[in-house]
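Have a look at the structure below before the remarks.
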Amino acid sequence: MHILGIDTSFDDTAASVVRNTTILSNILSSDLPIYQEWGGVVPRLARLSHEQNIDSVIQTALKRARVPMEKIDAIAVTYGPGLSITLEVGIAKAKELSATFHVPIIAINHMEGHLLSFLASPEKKDTPTAEDTRDTNNIFPSLAVLVSGGHTEFVFVPHIGTYEIVGEKQDDAMGEAFDKVGRMLGLGYPAGALIEKFAKEGTVGTIKFPVPMRSVRSADTSFSGLKTAAMRIIEPLKEKRGGVLTKQDICDVALGFQTACVTHLIEKLTFALEEKNVKSIVLGGGVAANATLRSELRKTAKKYAIPLYIPYSKKLCVDNAAMIALAGYFKAVRGEFVTNSEAVERDPIARLTAQAIIF
Ligand code: KG4
Ligand code: ZN
């Protein structure tokens, strides 16, 4: 089965073609330099850039996959969560293509895409097969750790398509906290990967951040206190240095901050794991690219004697459309096609639920 995936939930215009769970193409168009100038995404500009880029991104995805539109079995499009005015662009394009080529639509929750992205496989050029899918029998029930710029969620997954959030952000998302502290350190936007890079040269123990919500016995997370703590650490340090932090200061703050973030997430994950009996942990979302987080998650998984599943490339951790096409494939297998295309609407605050949303 060939699925075309489209995601315009935030700043990247993304399209992809998958054959079952194999990625044939995964195209992104991003206006990152503009946002680096503004220090964050500007919804109005993001919409404009989606409108300008969507046709060529889709064409490139089809061309790279060597699959013409006539051979696409379904169009999977993100309906939420995300920015209303950017989600609309992808949905409108999916409706247009659906009407022109008589192809059904599948509406996808962006977080389901992040959650399932670990199931994607790269195309093996030498051994192309028509029915390449992974055996999921030993993976579920699973606990998903979803960490992105907008979300921090622990999701219990009895099987693909049924989701129960067992812990979530009470304020800032983990990626958002990295971006905000990165900004205070003058690292630009987005800052997650740069904080990780600087932290590698930090000296352990030089700067300590408090670990949030230690006395709260729940799997919910709170990262905004770490942002305030960063401000209280950075400002006096700056004054001491006559206005500008040294590179070593930046490295030490980055390390202290990252350590507290990862410790907080792991502590809360432990609560979720105590609550649910699972066969595996899966990781998804932009922050999943962080090596320290991965290594601490590996230790936790080992402690519980269960495997940890991670997307096969960093491109699958950050926003992309392959994960949307892949989630679409699993919905297509279950027959969860949109029954009335015109009813598909964006839902900027869409949540993962136990029951599938079809429209
Ligand atoms: O999933 P994603 O691409 O977009 C959302 O759906 O939000 O996640 C982007 C987030 C940004 O906040 C970015 O700073 C963070 O992921 N990020 C990282 C790393 N790479 C990206 N955070 C920590 N360490 C990284 N290596
Ligand atoms: Zn995302």
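A few comments on the model shown:
- Seen against the Cα atoms of the chain and their longest principal axis, helix 174-184 is set at about 50 degrees.
- Carbon plus sulfur fraction of accessible area for the stretch 89-231, probe 1.4 Å, in percent: 54 percent
- Counting protein heavy atoms only, the stretch 292-337 has 56 percent of its accessible area on carbon and sulfur, 1.4 angstrom probe.
- C-alpha long axis of helix 247-275 to longest principal axis of the chain, angle in °: 60 degrees
- Note on PHE101 and SER121: with the Förster distance fixed at 30 Å, the Cβ-Cβ geometry gives a FRET efficiency of about 0.70.
- For the stretch 215-359, the solvent-accessible area with a 1.4 angstrom probe is 46 square angstrom per residue.
- Principal-axis tilt of helix 43-65 within the chain, Cα atoms, nearest 10 degrees: 50 degrees
- Counting DSSP beta bridges with both ends in the chain, the antiparallel % (nearest 5): 55 percent
- Theoretical ellipticity at 222 nm over the chain - DSSP helices of four or more residues, -39500 (n - 2.57) apiece, nearest 500: -13000 deg cm²/dmol
- Highest-first arrangement of 12-25, 209-222, where packing means the average Cβ count within 10 Å: 12-25, 209-222
- Rounded accessible area per residue of the stretch 1-101, 1.4 Å, Å²: 40 Å²
- Förster radius 22 Å - calculated FRET efficiency between LYS303 and THR136 (Cβ-Cβ, nearest 0.05): 0.40
- Over 28 Å apart at the Cα level, from the set LYS124/LYS180; LYS93/LYS124; LYS303/LYS331; LYS208/LYS240; LYS169/LYS302, are LYS124/LYS180; LYS93/LYS124; LYS303/LYS331.
- The chain - Rg (one decimal) and Dmax (whole number), Cα, Å: 20.6, 66
- For the options ALA107, ALA289, ALA260, a Gaussian network treatment of the chain with springs between C-alpha atoms closer than 10 Å singles out ALA260 as fluctuating the most.
The values are calculated or read from the model by the stated rules, or taken from the named source; none is laboratory data. Quick caveat, the model's predicted, so the values are computed rather than measured. Methodologically, a virtual Cβ is constructed for each residue, glycine included, from the backbone with ideal geometry; neighbour enumeration extends over all protein chains shown. To get the accessible areas, we keep the full protein, side chains included, count just its heavy atoms, and leave off ligands, DNA and RNA. Shrake-Rupley method; radii C 1.70, N 1.55, O 1.52, S 1.80 Å.
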